[in-house]
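This report refers to the structure that appears directly beneath it.
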Amino acid sequence: MNYQFNWAMLITEPYFGWIADGVLTTLHLALIAWCIAFVLGVAVGSCRVSGSAVLRLFGGAYVELFRNIPLLVQLFLWLYVAPQLLPADTRLWWNRLDSVPYWTAVIGISFYTSSRIAEQIRAAMNAIPQGQFRAALSTGLTPVQMYRHVILPYAIRIMLPAITSEFLTVFKNTALALTIGVLEITATTRKIEAWSFKGIEAYTVASLTYLATTVAVIGVMTWLERRLYIPGLIRRGG
Amino acid sequence: MDWHVIQANLPLLLRGLGTSLQLAAVAVLLSFPLGCLLAIGRLSRRAWLSLTCGGFVNLMRSNPLVLVLFWFYFLVPIITGRAVSDLGSIVIAFVIFFSVYFAEIVRSGIQSVGSRQVQAGLSTGLTYPQTMRHIVMPQAIRAMLPALTTQCIVVFQGTTVAYIVGYDELLHTASMAAERTGRPVELYVAVAVMYFLVCTAGSLLARNLERKS
């Protein structure tokens, strides 16, 4: 192996500024997409466990559609196909936006992730014993109160580990946004490699970014799980 | 909308689909055994082995497939000192990346069987390999099947990432055709339908297996 390392290069301009921008783009892309996905996922997941057959059918179709098309293909659909469905003046407004690739990535990743979150909501709801629902209603709570005070406190705790790993998946999936021209951290390091031919240094930065975020997220979520822990509710792993 | 463009490009797209399926099949067939080894290593009593395997699994799982692909695309030629074909780098990256996900599935499958089964097997006089072979694995594989099927779909969806380095799988074939014909809308819808059909068939199979087990 014949390779000259040059780690100092990473803290010189322009590379350092690129890396900072790339890390920030990855982080806010993941956060915005995850928040939207969570709201959509809760809505669709609720449809899937609702009493109405129409809503259940809609929820099922939504999940199958967004789960069975690869994310990369979905990004292309949002980039090329979806704008064609807009009215002409809205399409013009959209195409004139400065950051069309960024918002396309936000939309694509959000919808893809929401179908996975919806499945986790359904699984969590199904994991709650039916007796809890009946007991809550029979003490005179309204359905809204039942969800607010009995079901959701359970469901959130059951879902927490799955939500953690889902966030980490979103975070890794943002790397695919490089295909539609978003300069997040993976795209940035590839650009650095192309400029400097120092691939090992550049990719190490990207890998460490993902690794550090993973460790931080797992740390925070483990702390949260411990804070919210109810003895006897969930069998803890390990 | 001009749907003739799909008809005209259908043979090309089907060939792309075949390439994608083959790539996924090779990746699954090579990464599953590697995943089994990693899982056994992770469950080993030797601390150095289980820590090494665990560390490797967590390192790989915290990185996106695209980045792992770039690493190997860039590193493999440097390490081996000669040019490696695109396909070679892609397969190596896919196998190493997906093996850690298979390792996690196999590990939880083996752990779901429970230590009492192992103890019972050993106390009837079976050796440890015999216990694994005749008692643990038959139950573990049945428990793992739905998750393994789902993971195969994930691998198939993951083959789209080879598009990024210009390998001629289904998505790349479609994007070339879209550029040539100037009809991205029709072609991307067509490939989305193709991926959807294959993946839906896979997830129906997974659901069937889940019901049976």
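The values are calculated or read from the model by the stated rules, or taken from the named source; none is laboratory data. The structure displayed is predicted, hence computed values, not measured ones. Here Cβ is always computed from backbone atoms with ideal geometry, including for glycine, and neighbour counts include all displayed protein chains.
Here are a few things to note about the model shown:
- Checking B:SER62, B:SER31, B:SER89 one by one, the residue that is modelled with pLDDT of 95 or more, of a type in the set (Gly, Ala, Ser) and surrounded by 18 or more Cβ atoms within 10 Å (Cβ to Cβ) is B:SER31 and no other.
- All positions within the stretch B:18-55 that are free of Cβ contacts under 8 Å to residues at least 60 places away in the same chain and within 15 Å of the chain's Cα centre (by Cα): B:GLN22, B:ALA25, B:LEU29, B:PRO33
- Pair list, Cβ under 9 Å, 6 or more apart: the stretch B:133-145 residue in contact (Cβ under 8 Å) with a residue 24 or more places away in the chain, other residue among the acidic types (Asp, Glu): B:LEU145/B:GLU210
- In the set (1) in contact (Cβ under 8 Å) with a residue 12 or more places away in the chain; (2) more than 22 Å from A:PHE167 (Cβ to Cβ); (3) not acidic (Asp, Glu), the condition left unmet by A:GLN84 is number (1).
- Count of the stretch B:165-175 residues which are within 11 Å of chain A (Cβ to nearest Cβ) and crowded, with 22+ Cβ neighbours inside 10 Å: 4
- Screening the stretch A:59-107 for residues that are in contact with a Lys or Arg (Cβ under 8 Å, 6 or more places away or on another chain) and within 20 Å of A:ILE117 (Cβ to Cβ) and picking the one that is nearest to the other protein chains (Cβ to nearest Cβ) gives A:ARG67.
- B:LEU187, sole failed condition from (1) under 28 Å from B:VAL68 (Cα atoms); (2) within 10 Å of chain A (Cβ to nearest Cβ); (3) of a type outside the set (Gly, Ala, Ser): (1)
- The listed residue being over 17 Å from the mean Cα position of the chain (by Cα) and among the aromatic types (Phe, Trp, Tyr), out of B:TYR195, B:TYR163, B:TYR188: B:TYR188
- All positions within the stretch A:190-204 that are more than 8 Å from chain B (Cβ to nearest Cβ) and either buried (at least 18 other Cβ atoms within 10 Å of the Cβ) or not polar (S, T, N, Q) (or both): A:LYS191, A:ILE192, A:ALA194, A:TRP195, A:PHE197, A:LYS198, A:GLU201, A:ALA202
- Members of the stretch B:179-189 that are part of a helix (DSSP H, G or I) and within 9 Å of B:VAL5 (Cβ to Cβ): B:THR181, B:GLU186, B:LEU187
- Matching entry among B:GLN157, B:GLN130 (being without any contact (Cβ under 8 Å) to a residue 60 or more places away in the chain and farther than 27 Å from B:ASN63 by Cβ): B:GLN130
- Taking the criterion of being more than 17 Å from the chain's Cα centre (by Cα) and not in a helix (DSSP H, G or I), the residues of the stretch A:49-96 that qualify are A:VAL49, A:SER50, A:GLY51, A:SER52, A:LEU86, A:PRO87.
- Given (1) among the hydrophobic types (A, V, I, L, M, F, W, C); (2) in contact (Cβ under 8 Å) with a residue 12 or more places away in the chain; (3) in contact with a Ser or Thr (Cβ under 9 Å, 6 or more places away or on another chain), number of the condition A:LEU211 does not satisfy: (2)
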